[in-house]
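Remarks on the structure that follows.
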Amino acid sequence: MYFQATSVCDALLGNPQFHIRGILQRDNAEAIANLQEKGVETVVLKVGDKGPISVTKLKNIFTDAYGMFIVSNDAEPYHVMRREIEIGCRLAEMCERTLVKHVVYSNVDYIYRVTGQRCSRYDGKGEIEYYLRSLNVPLTTLRLPLSFSYLISTFTPVKESNDTVFYGTVDSELKFDGMNYGDVGQVVKLIFERPNIFIGKTIGLTAERISVDEYVKTLSSLRSTTVGEWRYEKLPMKEYQKDKRNNREFATILDFHTSYAPIRDPETTRALYPNVQTFSDYVKSNSTIINKIFKV
């Protein structure tokens, strides 16, 4: 979620009417110095994995705040998801108590509510949104698609002889929505600038729809040799799970986005931010990092 918070901060700094107060969960001297150099007021709120969350500190942070952008950390084990929900609900309560005038909540789809499949990375965020809505705070909700950076770091290939092979459990021609979360900032800036238009709205974002085959083909452009083939192979879930390198939760997420998620219109996102990156653009601008991850 670092990419979202950073992009929102940078975008809002482009409007001199906004004074930015950034909440950090860790006392990171370098990050604090970088933010302060940009003109961001920084507050450290150490919440950790357990223990009470200081209401006094939260109230001080929220004092005189016009708006709040909330994005929660990804949670994987269930006990971490419970903590994610707890922190998110405390933030929601403080938005209500301090009469914050505009809350922008960055969310994904609530997979369990749609398919009955548990997905801690997504479901905790869905619970937080339900709680925010129950408090009737002035809310704009963003529903984000698959993150390009999450795809790159999770949907990685293995070497089979000279071939580079991506394994998954969905059909290769099925498409999913994706986006560079670093582009969220400009969208959030516009939302805060026009509260009369966006309060009460839920906005589904996407940069484009691509298939698994297109994902592999785009990444194959980075290869340093023409020897071997880049390809995708679909496996039954039981066989997929036998290899510990494979990520069952990612399989659940990809299955959701290819088969159950609402289809979103990239033109809606471009209307909010015309320069949103396509996957091809993202791969070109991050080729060095991707090469290190894939070792191509």
Over what distance in Å are the Cα centres of region 89-163 and region 1-72 separated?
-> 19 Å
Calculated [θ] (222 nm, deg cm²/dmol) that DSSP helices of n ≥ 4 give over the chain, each run adding -39,500 (n - 2.57) = -13500 deg cm²/dmol
State which stretch of the chain is the longest one without any exposed trypsin sites (Lys or Arg not before Pro), exposure meaning a DSSP loop state and at most 12 other Cβ atoms within 10 Å.
-> 51-200
Violating pairs (Cα-Cα greater than 24 angstrom) within the set K159/K238; K59/K201; K159/K242; K234/K295; K159/K292; K38/K125 = K59/K201; K38/K125
Find which of G178, F69, T56 sits farthest along the positive direction of the dipole of the chain, computed with +1 on the beta-carbon of Lys and Arg, -1 on that of Asp and Glu, about the Cα centre.
-> T56
Any idea what the alpha-carbon Rg over 2.2 N^0.38 Å comes to for the chain?
-> 1.05
What angle do you read, to the nearest 10 degrees and between 0 and 90, between the alpha-carbon axis of helix 29-38 and the longest principal axis of the chain?
-> 70 degrees
Give a quick list of GluC sites (Glu not before Pro) in region 222-279 that DSSP marks as loop, anything other than H, G, I, E or B, with at most 16 other Cβ atoms within 10 Å.
-> E229
T42 long-range amide H proximity, modeled H, under 5 Å | G22
Applying the Karplus parametrisation 6.51 cos²θ - 1.76 cosθ + 1.60 with θ = phi - 60° to the phi angles of region 178-190, what ³J(HN,Hα) value in whole Hz is obtained for each residue in order, glycine and proline being reported as x?
-> x, 6, 7, 5, x, 8, 5, x, 5, 5, 5, 4, 4
Non-local amide H neighbours of D163 (under 5 Å, H modeled in plane, Pro and chain starts lacking H): which ones?
-> E229
Sequence order, region 278-284: Karplus ³J(HN,Hα) from phi using 6.51 cos²θ - 1.76 cosθ + 1.60, θ = phi - 60°, Hz rounded, Gly and Pro as x, gives 7, 5, 4, 4, 4, 5, 4
Give a residue-ordered list of calculated ³J(HN,Hα) values for region 58-65 (Karplus: 6.51 cos²θ - 1.76 cosθ + 1.60, θ = phi - 60°; whole Hz; x for Gly, Pro).
-> 4, 4, 5, 5, 7, 4, 6, 7
Listed residues P236, P266, P274; largest mean-square fluctuation, Gaussian network over the chain with Cα springs below 10 Å, found at P236
Sequence of D183, D163, D64 from largest to smallest accessible area, 1.4 Å probe | D64, D163, D183
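The values are calculated or read from the model by the stated rules, or taken from the named source; none is laboratory data. Please read these numbers as outputs of a predicted model, since none were measured by experiment. Glycine gets a Cβ as well: all are built from the backbone with ideal geometry, and neighbour counts include every protein chain shown. Protein only, heavy atoms only, side chains kept; ligands, DNA and RNA dropped before computing areas. Shrake-Rupley method; radii C 1.70, N 1.55, O 1.52, S 1.80 Å.
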